[in-house]
Amino acid sequence: MQIIFLGLPGAGKGTQAQTICEDFGIAHVATGDMFRTAKASGSPLGEKLRSYIDFGRLVPDDVTIEIVRERLHQADAQKGFLLDGFPRTIPQAQALDEMLTQMGKPLSHVLYLQVRTEELLTRLTGRRVCAKCGTSYHVAFNPPQHEGICDRCGGVLSQRADDTPEAVAVRLQENLDRTTALAAFYEARGLLTRVNGEEAIGTVYSAIRQTLRGGRS
Ligand code: AP5
């Protein structure tokens, strides 16, 4: 199974991807997570990435495509993968096509999580993320059982550097037209399924799972 989650920042891609990958036993390939790990390492590449991701700007296509190409050749991705946050541009989508053709692994589904931009600002500024396992919470919509502590692993929750109102505005502007273009790109091939991402987390999850199981619940 080779899946793409399309959606604007805050649409719920990461929240849903974590559970879906566990359910289906496939690798979670999240470019944002990979970039943040590189940034935290303090490497020269990490320092270069900081100037993009902390301010909400897209990382250049050549850097992004190479990171994904390497990741998809790792052992855990051979049994299937879910791409969360990639592709974000048409050149990235075209590069992905070439990679998948070479690997002999066609796309199974592209799920487009749709949420209005007004709602996204509230979601992103209220998000808290576990520093240890990466699980996302929301102070109002999806709070942890104990404030500031991850339910899954006991790690400390904090706010992402790019979840400030200023960086969120840049992220939305960077992604609005590009996401619409990507939806059209995959819709033209009959691969796109639109999911109402404004429903409750459990309802969105059920809709995604039903699509992936070919309509069975
Ligand atoms: P990335 O980490 O991918 O960020 P993003 O796309 O901006 O997506 P988010 O992680 O912010 O949102 P999400 O959809 O995963 O939402 P979540 O589930 O957390 O990328 C970061 C940066 O890296 C980019 O800005 C760019 O610089 C760079 N980058 C990454 N990929 C790139 C690429 N391909 N090309 C170039 N640059 C790239 O949910 C958000 C909040 O809402 C949470 O608090 C959650 O609890 C809550 N929530 C989720 N679902 C619901 C629901 N149904 N109802 C209520 N609340 C909900």
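The values are calculated or read from the model by the stated rules, or taken from the named source; none is laboratory data. All of these numbers come straight from a predicted model, not from anything done at the bench. Positions of Cβ are generated from backbone atoms using ideal geometry, with glycine treated the same way; all protein chains shown enter the neighbour counts. Quick note on the areas: whole protein, heavy atoms, side chains included, nothing else; ligands and nucleic acids left out. Shrake-Rupley method; radii C 1.70, N 1.55, O 1.52, S 1.80 Å.
From the alpha carbon centroid of segment 58-79 to that of segment 122-159 is 27 Å.
Relative to the current alpha-carbon distance between F141 and Q94, full extension at 0.36 nm per residue lengthens the span by 13.3 nm. Applying a threshold of 22 Å to the alpha-carbon distances of K39/K132; K79/K105; K13/K79; K105/K132 flags K105/K132 as lying beyond it. Think of a 1.4 Å ball rolled over the protein heavy atoms: segment 157-217 then has 55 Å² of accessible area per residue. Computed on segment 103-201, the Cα convex hull volume stands at 146 Å³ per residue. Just to be sure I understand: of the beta bridges DSSP finds with both ends in the chain, what percent are antiparallel, rounded to 5? If we restrict to bridges inside the chain, about 30 percent are antiparallel. What base-10 log of the normalised intensity I(q)/I(0) is obtained for segment 82-138 from the Debye formula, alpha carbons as equal point scatterers, at q = 0.17, 0.19, 0.20, 0.27 Å⁻¹? Cα-only, vacuum Debye calculation for segment 82-138: -0.81, -0.89, -0.92, -1.10.
Along the axis of the charge dipole computed for segment 119-162 (Cβ charges of +1 for Lys and Arg, -1 for Asp and Glu, origin at the Cα centre), the listed residues H138, G155, T122 are led at the positive end by G155. Counting protein heavy atoms only, the chain has 51 percent of its accessible area on carbon and sulfur, 1.4 angstrom probe. Solvent-accessible area per residue in segment 46-147 equals 50 Å², computed with a 1.4 angstrom probe and all protein chains kept. Using a simple spin-label model with pseudo-atoms 7 Å out from Cα toward Cβ, Q74 and A40 lie 1.3 nm apart. Computed over the Cα atoms of segment 1-51, pair by distinct pair, the Kirkwood hydrodynamic radius stands at 12.4 angstrom.
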